[in-house]
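Bear in mind that the values in this text are calculations on the coordinates, not laboratory data. Everything numeric here is computed off the predicted structure, so don't read it as measured data. Note that each Cβ is placed from the backbone with ideal geometry, even for glycine, and that neighbours are counted across all protein chains shown.
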Amino acid sequence: MKNKIMVINIVLIVCIAVGIFFTIKYDVIRKIENAINQQVVQNKSDSNKEAEQEDLIYETSLDKDGNEVAVKMRKIIVLDEEGNEVEFWEDTAEHKIISDYMYKGVVEKIEGNKIYFTVDMKVKDGTEHVFENIKDYQIIFDIDSYNLESDPYVEYSAGDFLCFNGKDFFSADELKFLVGKYLRVQDVMFEDSHVGKTYRELCFYLK
């Protein structure tokens, strides 16, 4: 009987030793922990996706040709001038940028719906907001070439934009108060992701 118990104890010790050996050799514990951590990360990712989906809505409109345009909107929270939170919905689609130029300079004059702008700095190639000094030259922005009027009878109507500090304007004359001011200007052409048409945006900012 004693010999039988001794044999059982030896077998148990050998099994435990073998188990410890394989655990150390193949790093079983670490692999188990990694698997658990990966599952936790996946669960968090799934939860985040569900949360994001809760803040998405779809708006369906018709363009001027009667085609249905579905726009996915994302809820964002911004602060107004008094620091209060304001809820907005923004288009989640990224429009294709065809050209994007940014300059600094002076509005010399505005005549005949044209803006005469003298450039003395422009964004350095390969950067987004790093300006470099250049030899002065003049750009003429012809506002007559912009389509600034949206069609009130069309539900989805995208058009060109002329703006100053985020406020929309509809003619060069409305910006005559900028004559003589040193400004930053961004001249962008993009393709709307929903209808595939090309639009332009000309925006002036205080430097």
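Amide H to amide H distances under 5 Å link residue 181 with 107, where only residues 5 or more positions off or on other chains count and H is placed in the peptide plane.
Here residue 120 and residue 193 are evaluated by their C-beta separation; at R0 = 25 Å the FRET efficiency comes out at 0.10. On a C-alpha basis, how far is the centre of segment 180-207 from the centre of segment 105-154 in Å? Whole number, if you could? Spelled out, the Cα-based centre of one part sits 9 Å from the other. Here are some pairs, 75/122; 75/96; 96/124; which of them have Cα atoms lying more than 28 Å apart in this structure? Result: 75/122 exceed 28 Å.
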